[in-house]
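Enquirer: Before anything else, here's the structure in question.
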Amino acid sequence: MKKNNHLSPSLPWKTPFIILSILTVHSIKITSAACHVDDEKGLLAFKSGITQDPSGMLSSWKSGTDCCNWAGINCRENNRVTTISLYGQVDKPDSYLTGTISSSLVKVQNLDGIYFVNLRNISGPFPDLLFGLPKLLFVYIENSKLSGPLPVNIGKLKQLGALSLEGNRFTGSIPSSISELTQLTQLVLGKNEFSGHFPAGIKQIRNLSYLSLEQNKLMGTIPDIFKSFTDLRILRLSHNEFSGKIPESILSLAPKLAYLELGHNRLSGQIPSYLGKFKALDTLDLSWNSFTGVVPKTFSNLTKIFNLDLSHNSLNDPFPQMNVKGIESLDLSYNNFHLKEIPKWVTSSPIIYSLKLAKCGIKMNLDTWKPAETYFYDYIDLSENEITGSPVDLLNRTDFLVEFKAARNKLKFDLGKLRIVKTLKELDISRNLVYGKVPAAITGFNKLNVSYNHLCGQLPKNKFPVSSFVGNDCLCGPPLSPCKL
């Protein structure tokens, strides 16, 4: 239930392809003979282009052994190599490959899938060898250091069913010939350095279920092209420089779209009321734009939404009553709302883990707030409201809390009574009425601000600046003045 993280990367949507490949391979893989000599040569050439492999990802790739049994290699009929699947493990620092992709990999002529994911240090330009692989269907080269422009003739890869180059360093405009990749169901170019405009020719790729151009440097308006897509489920365009209004043709995506992410752009105007028709919507991110007016009443129809982020706009009251059975993450911070209290549909959620309502005009006593669950909370931000009472009872019932922010309120409690869980990394309760001593457990935090309260006593050994503690009644010890003997 917890941390399903619906704002997460594309993995859930590529898994079916990978699982299908693996199941097919295991069902018909032949091991009676060694792999084809050209396949071995191509793979060993790829290995020779790798200068660092600290985790031994390619240690089984040895000349004279059956390459169909090498790690990450799958073969099908006639013992020809059909997929290469190399995955770095994000939580292991030495799980990476340094080097380039050898052009000799083109010798592996039966390749239909290349999965180079989280290898981190693969560099060089777009691998032109892909043009020489006639059976290639799926390309995932993600989270590495490929750079330079995409080839202008990328449209020649007409047979591709999925292309993901997410998390590299590609630059320049997205070639117009990308519109010729009409068999694609996934086009994922996010987290690069592409510039220029949204390529309107993408409307020709009618089978798309997943389109991501997020975290680039794209500008201009989002073209009104979305009537072309009948199966689109994920649309990620956040963290660019898009301007203008949300195009009306997005309404045509209502039956199936689950993720609509347009945050961190320069979009303006009112939030369209037709967004209330997106009954399958799981995640809606419109944050950090310039939207004005009120949130449409039709949002009450978004009964399946789990993640809603409207923060950092210029939206006004009233906020509509939502009919959500369980929200996972909510951020309404820094608009012009005057909610007065935390909404009941938030309080009743059994699965919420992130609640951010900074500067939302909340005037309530926190002691009276009785949420249905607190166990899963990771992030709470109630800064810049007029909240009184104590958060101790609330926070002492959390077990995974990472961040608690409640600066500029009227909270009054003994800091020493706060149970500090091991996961807590950021605490900001500055400019309140907090008293007592600063506990030794703060040494495990990454960020801390308890300034302008009524704290007293000697500070535990810490790494924080003076600004974290200034303005209290009688704190002493580094980084403040020495304590008097």
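The values are calculated or read from the model by the stated rules, or taken from the named source; none is laboratory data. The shown structure was predicted, so the numbers you read here are calculated from the model rather than taken from an experiment. FYI the Cβ positions are ideal-geometry reconstructions off the backbone, even for glycines, and counts take in every protein chain you see. In case anyone asks, the SASA skips ligands and DNA or RNA and just uses the protein heavy atoms, side chains included. Shrake-Rupley method; radii C 1.70, N 1.55, O 1.52, S 1.80 Å.
Enquirer: Do you know which residues across segment 180-207 are open to solvent by less than 50 Å² (accessible area, probe 1.4 Å), under 25 Å from D282 (Cα atoms) and in contact with a helix residue (DSSP H, G or I) (Cβ under 8 Å, 6 or more places away or on another chain)?
Expert: Passing the criteria: Q186, L187, I202, I205.
Enquirer: Which count do you get for residues in segment 455-485 that are farther than 16 Å from I429 by Cβ, assigned to a loop (DSSP other than H, G, I, E, B) and not aliphatic (A, V, I, L, M)?
Expert: Number of matching residues: 11.
Enquirer: Also, quick follow-up: Does at least one position in segment 347-363 carry a residue that is polar (S, T, N, Q) and farther than 24 Å from S300 by Cα?
Expert: The answer is no, given that none of the residues of segment 347-363 is polar (S, T, N, Q) and farther than 24 Å from S300 by Cα.
Enquirer: Continuing with the same structure: Just one of K422, K447, K461, K437 is charged (D, E, K, R), surrounded by 15 or more Cβ atoms within 10 Å (Cβ to Cβ) and free of Cβ contacts under 8 Å to residues at least 40 places away in the same chain; which is it?
Expert: Only one candidate passes the filter, namely K437.
Enquirer: Go through segment 425-434 residue by residue and tally those that are open to solvent by less than 40 Å² (accessible area, probe 1.4 Å) and either more than 25 Å from the chain's Cα centre (by Cα) or under 12 Å from L455 (Cα atoms) (or both).
Expert: So the answer is 4.
Enquirer: Of all residues in segment 231-255, which are among the small types (G, A, S) and either within 28 Å of E193 (Cβ to Cβ) or surrounded by 23 or more Cβ atoms within 10 Å (Cβ to Cβ) (or both)?
Expert: Once the filter is applied, which keeps residues that are among the small types (G, A, S) and either within 28 Å of E193 (Cβ to Cβ) or surrounded by 23 or more Cβ atoms within 10 Å (Cβ to Cβ) (or both), segment 231-255 yields S238, S243, G244, S249.
Enquirer: When residues of segment 266-319 are filtered for being β-branched (V, I, T) and open to solvent by 50 Å² or more (accessible area, probe 1.4 Å), how many remain?
Expert: Here the count works out to 3.
Conditions tested, residue by residue: (1) among the small types (G, A, S); (2) more than 26 Å from the chain's Cα centre (by Cα).
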position	(1), (2)
E384	no, yes
V392	no, yes
F404	no, no
A407	yes, yes
K412	no, yes
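Enquirer: Follow-up question, since we're still on this one. Among K356, K340, K370, which is the only one that is among the basic types (K, R) and open to solvent by less than 70 Å² (accessible area, probe 1.4 Å)?
Expert: K356
Enquirer: For segment 37-63, name all the residues that are assigned to a loop (DSSP other than H, G, I, E, B) and among the polar types (S, T, N, Q).
Expert: Once the filter is applied, which keeps residues that are assigned to a loop (DSSP other than H, G, I, E, B) and among the polar types (S, T, N, Q), segment 37-63 yields S55, S59, S60, S63.
Enquirer: Here's a follow-up. Return yes when K191 is basic (K, R) and part of a loop (DSSP other than H, G, I, E, B) and no when it is not.
Expert: The answer is yes for K191.
Enquirer: Scan segment 128-143 for residues that are touching a Leu at 6+ places or on another chain (Cβ under 8 Å), open to solvent by 10 Å² or more (accessible area, probe 1.4 Å) and either part of a strand (DSSP E or B) or not hydrophobic (A, V, I, L, M, F, W, C) (or both) and report the count.
Expert: The number of residues fulfilling the criteria is 3.
Enquirer: Check Y452 against each of (1) assigned to a loop (DSSP other than H, G, I, E, B); (2) open to solvent by 40 Å² or more (accessible area, probe 1.4 Å); (3) modelled with pLDDT of 95 or more; (4) at negative phi and name the one condition it does not meet.
Expert: (4)
Enquirer: I've got another one for you. Can you confirm whether segment 377-385 contains a residue that is closer than 23 Å to S451 by Cα, touching an Asp or Glu at 6+ places or on another chain (Cβ under 7 Å) and open to solvent by 20 Å² or more (accessible area, probe 1.4 Å)?
Expert: yes
Enquirer: Does segment 419-441 hold any residues that are modelled with pLDDT of 95 or more and touching a helix residue (DSSP H, G or I) at 6+ places or on another chain (Cβ under 9 Å), and which are they?
Expert: L424, K425, L427, I429, S430, V434, Y435, G436, K437, V438, P439 - these are the residues of segment 419-441 that are modelled with pLDDT of 95 or more and touching a helix residue (DSSP H, G or I) at 6+ places or on another chain (Cβ under 9 Å).
Enquirer: Suppose we filter segment 67-106 for residues that are open to solvent by less than 40 Å² (accessible area, probe 1.4 Å), touching a Ser or Thr at 6+ places or on another chain (Cβ under 6 Å) and either of a type in the set (G, A, S) or under 15 Å from I50 (Cα atoms) (or both); how many remain?
Expert: So the count comes out to 5.
Enquirer: A follow-up question, please. Quick check: anything in segment 162-179 farther than 18 Å from N216 by Cβ, open to solvent by less than 20 Å² (accessible area, probe 1.4 Å) and assigned to a loop (DSSP other than H, G, I, E, B)?
Expert: no
This table checks each residue for (1) touching a residue at least 12 places away in the same chain (Cβ under 8 Å); (2) within 23 Å of the chain's Cα centre (by Cα); (3) under 23 Å from I250 (Cα atoms).
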position	(1), (2), (3)
S273	yes, no, yes
S290	yes, yes, yes
V294	yes, no, yes
Q321	yes, no, no
F337	yes, no, no
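Enquirer: If you don't mind, another one. Just one of the numbered conditions (1) assigned to a loop (DSSP other than H, G, I, E, B); (2) more than 20 Å from the chain's Cα centre (by Cα) is not true of G201; which one?
Expert: All conditions pass for G201, except number (1).
Enquirer: Just to verify a result, which residue in segment 133-178, among those that are within 26 Å of the chain's Cα centre (by Cα) and hydroxyl-bearing (S, T, Y), is farthest from Y115 (Cα to Cα)?
Expert: Taking the candidates together, the pick is S173.
Enquirer: What single numbered condition from (1) modelled with pLDDT under 95; (2) touching a strand residue (DSSP E or B) at 6+ places or on another chain (Cβ under 9 Å); (3) not basic (K, R) fails to hold for G444?
Expert: Answer for G444: the failing condition is (2).
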